[in-house]
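Report on the structure given below.
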Amino acid sequence: MHRITIDMIDVRVHIGVTEKERKRRQRISVSLVIVPSADPGLIDNCIDRTVNYSTVRQDVLLLLKQKRFGLIETAAQNIADRIGSRYSIDRLSVTVTKYPYRDTRSVSYTLET
């Protein structure tokens, strides 16, 4: 199996359950594991035959900056929907990580489609 991994895209977004949390942008990170539909033997150094990770990254950043989210689960679902509808992929894993506590490194949610 072949896959593309985009690890820890950092972005500041409006996210949180309470109004106080959503009032100011918070740092989250997004990691993606993409299994392209393309046969790896046919890619042959041609970007048009695979998933362009630069474009995927830009799509994720744009989506997250345009919307507000109550939950990291909702952010992950929105990202999965966007990537799944725009790129030729067989499988996708989206992990959204948030840093809400001083005594805990992070909290994350992973969605696999």
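None of the figures in this text is laboratory data; all of them are computed from the coordinates on show. What you see is a predicted model, and the numbers here were worked out from it, not measured in a lab. Positions of Cβ are backbone-derived with ideal geometry, glycine not excepted, and every protein chain shown enters the neighbour counts.
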request  = Quick one: go through segment 78-110 and flag any residue whose amide nitrogen is under 18 Å from the point 7 Å out along the Cα-to-Cβ line of Asp59.
outcome  = 78-96
query = Who wins for biggest fluctuation among Thr97, Thr55, Thr74 in a Gaussian network model of the chain, springs between alpha carbons below 10 Å?
reply = Thr55
remark   = Total charge of the residues flanking Arg12 in space, meaning their Cβ is under 10 Å from its Cβ, with Lys and Arg +1 and Asp and Glu -1, is +3
request  = Note down the relative contact order for the chain as a percent, whole number, built from C-alpha pairs under 8 angstrom at least six residues apart.
outcome  = 29
ask   = In the chain, what percentage of the DSSP-assigned beta bridges are antiparallel, given to the nearest 5?
value = 90
request  = Quick one: which residues, 5 or more positions from Ile15 or on another chain, have an amide H under 5 Å from its amide H? H modelled 1.01 Å from N in the peptide plane, none for Pro or chain starts.
outcome  = Gln26, Phe69
task = State the extension gain, in nm to one decimal, for the chain segment bounded by Ile6 and Asn52, taking 0.36 nm per residue of separation less the distance between their alpha-carbons.
result = 15.5 nm
request  = Taking trypsin sites (Lys or Arg not before Pro) as candidate sites, keep only those in a DSSP loop with at most 11 other Cβ atoms within 10 Å, then name the longest stretch of the chain containing none of them.
outcome  = 25-101
query = Relative to the first principal axis of the alpha-carbon coordinates of the chain, what is the inclination of helix 53-66, with its axis defined by its Cα atoms, in degrees from 0 to 90 and to the nearest 10?
reply = 30
request  = Write down, largest first, the equivalent ellipsoid semi-axes of segment 49-104 in whole Å, where each equals the square root of 5 times an eigenvalue of the alpha-carbon gyration tensor.
outcome  = 24, 12, 11
remark   = For the chain, the longest principal axis of the Cα atoms and the Cα long axis of helix 72-86 enclose an angle in degrees, to the nearest 10, of 30
